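A.B. asks: The structure's right below; bear with me while I get my questions together.
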């Protein structure tokens, strides 16, 4: 066990983006006063800096990043100045960065200036609302309609821009966001705020054949184990933020899917692994070396499912084996945790060989840091599930 989670209010555990620790966010409202706290922990569970009540709005959540070698906690604070007679109350939004080791404030910015417009948050999972960050911790993108800002996480400098979309890997993206309305593909441009030079471009939108199925805004290609449901995720980023792997195509229209890798930020294709006819591929998880793929024959029994590891650099199959009815719970640099036959099994990521298993797997555990540290949550305890 790394830490015991207790206290009043809503309790969430969030992870450092690069797997360097975790934080317990306790969101508490008492008599209209926000009494939320945040306790940072090192990777081994050692308590570090703590944020006291009044320093942030608990329901807005938090982000934990490594920025140029320094671990920072990023929070939001809704500030309200009460009405004074005929003068209306005003509300503003303050963003703050705190040193994770000491809890000392590093910088402060005001992305939403005071106005009569009320503000609220509902970050029920503890992650910072409306903000995505690059995997290297250099940049953040805040989508707080109608405002859109890129944030230099070293110093809090804000870069407003109307066409900001979010982050992919280590880069900020700008472009269009209309696929959901008119079915046309979006243009997603890799860039660096301030310079705004276009470094590479993707066409995105699942309604268009051959385009990437990226999240429309925010964190557009997550990393680690992001498998949900039977279809998996279609686009994942390696933890170092240099490569994305995507399932591209439209099998429902007779165009077979292919798993394709692209270099960031250039969007240059690296390799393609075609999905055979009468088969369906799904992407389960990624680390810096492999991407886990489930390949099933359409309409066949579970025993025809092939579970395979594909090299993210070359597209070559590293290992494969038939495993019926599995769910991928977690992939770290060294190990894989799957749920199969009502049990948990741990596999070696390099070879696919089973290392251990145990009974009692009704569902995958609550994962705190997908694909990075092997850390999860067991009700009120933060635990080390697997070797990183």
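A.B. asks: Quick check: anything in region 56-75 touching a helix residue (DSSP H, G or I) at 6+ places or on another chain (Cβ under 8 Å), modelled with pLDDT of 95 or more and part of a strand (DSSP E or B)?
C.D. replies: Among the residues of region 56-75, at least one is touching a helix residue (DSSP H, G or I) at 6+ places or on another chain (Cβ under 8 Å), modelled with pLDDT of 95 or more and part of a strand (DSSP E or B), which makes the answer yes.
A.B. asks: Right, here's the next one. Against the definition (surrounded by fewer than 19 Cβ atoms within 10 Å (Cβ to Cβ), assigned to a strand (DSSP E or B) and on the phi < 0 side of the Ramachandran plot), how does residue 288 come out, yes or no?
C.D. replies: Criteria not met by residue 288.
A.B. asks: Separate question: Considering only residues of region 265-277 that are part of a loop (DSSP other than H, G, I, E, B) and in contact with a strand residue (DSSP E or B) (Cβ under 6 Å, 6 or more places away or on another chain), which is nearest to residue 191 (Cα to Cα)?
C.D. replies: Only one residue tops the list, namely 265.
A.B. asks: Please specify each residue of region 17-41 satisfying the condition of being assigned to a loop (DSSP other than H, G, I, E, B) and surrounded by 17 or more Cβ atoms within 10 Å (Cβ to Cβ).
C.D. replies: 17, 18, 19, 20, 28, 36
A.B. asks: For residues that are modelled with pLDDT under 90 and under 23 Å from residue 18 (Cβ atoms), tally how many sit in region 302-327.
C.D. replies: Result for region 302-327: 0.
A.B. asks: Of 328, 314, which residue is in contact with a strand residue (DSSP E or B) (Cβ under 8 Å, 6 or more places away or on another chain), under 17 Å from residue 291 (Cβ atoms) and surrounded by fewer than 19 Cβ atoms within 10 Å (Cβ to Cβ)?
C.D. replies: 314
A.B. asks: Okay, moving on. For region 324-380, which strands (runs of 3 or more DSSP E) that fit wholly inside it have 2 or more residues that are in contact with a helix residue (DSSP H, G or I) (Cβ under 9 Å, 6 or more places away or on another chain) and closer than 26 Å to residue 64 by Cβ?
C.D. replies: Hits in region 324-380: none.
A.B. asks: Please work out which one of (1) outside any loop (DSSP other than H, G, I, E, B); (2) surrounded by 14 or more Cβ atoms within 10 Å (Cβ to Cβ); (3) at pLDDT 95 or above is the condition residue 108 fails and give its number.
C.D. replies: That leaves (2) as the condition not met.
A.B. asks: Take the residues of region 234-245 that are assigned to a strand (DSSP E or B) and within 14 Å of the chain's Cα centre (by Cα): which is modelled with the lowest pLDDT?
C.D. replies: 235
This table checks each residue for (1) surrounded by 16 or more Cβ atoms within 10 Å (Cβ to Cβ); (2) at pLDDT 90 or above; (3) under 23 Å from residue 330 (Cα atoms).
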{"position": "198", "(1), (2), (3)": "no, yes, no"}
{"position": "211", "(1), (2), (3)": "yes, no, no"}
{"position": "219", "(1), (2), (3)": "yes, yes, yes"}
{"position": "224", "(1), (2), (3)": "yes, no, yes"}
{"position": "232", "(1), (2), (3)": "yes, no, yes"}
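A.B. asks: Would you mind finding the one in 144, 196, 139 that is within 26 Å of residue 112 (Cα to Cα) and over 21 Å from the mean Cα position of the chain (by Cα)?
C.D. replies: 196
A.B. asks: For region 347-354, does any single residue satisfy the condition of being modelled with pLDDT under 95 and surrounded by fewer than 20 Cβ atoms within 10 Å (Cβ to Cβ)?
C.D. replies: No, there is no match, as no residue in region 347-354 is modelled with pLDDT under 95 and surrounded by fewer than 20 Cβ atoms within 10 Å (Cβ to Cβ).
A.B. asks: Sticking with this structure for a sec: Mind listing just one residue for me: the one in region 76-103 that is touching a strand residue (DSSP E or B) at 6+ places or on another chain (Cβ under 7 Å) and assigned to a loop (DSSP other than H, G, I, E, B) and, of those, surrounded by the most Cβ atoms within 10 Å (Cβ to Cβ)?
C.D. replies: Out of the qualifying residues, it is 100.
A.B. asks: With (1) modelled with pLDDT of 90 or more; (2) buried (at least 16 other Cβ atoms within 10 Å of the Cβ); (3) under 23 Å from the mean Cα position of the chain (by Cα) as the list, and residue 44 as the residue in question, which single condition is left unmet?
C.D. replies: (2)
A.B. asks: Still on this model: Restricting to region 140-166, what's the tally of residues that are surrounded by 23 or more Cβ atoms within 10 Å (Cβ to Cβ) and assigned to a strand (DSSP E or B)?
C.D. replies: 8
The values are calculated or read from the model by the stated rules, or taken from the named source; none is laboratory data. As the structure is a prediction and not an experimental result, all values here were calculated from the model. Using ideal geometry, Cβ is built from the backbone for each residue, glycine included, and neighbour counts are taken over all protein chains shown.
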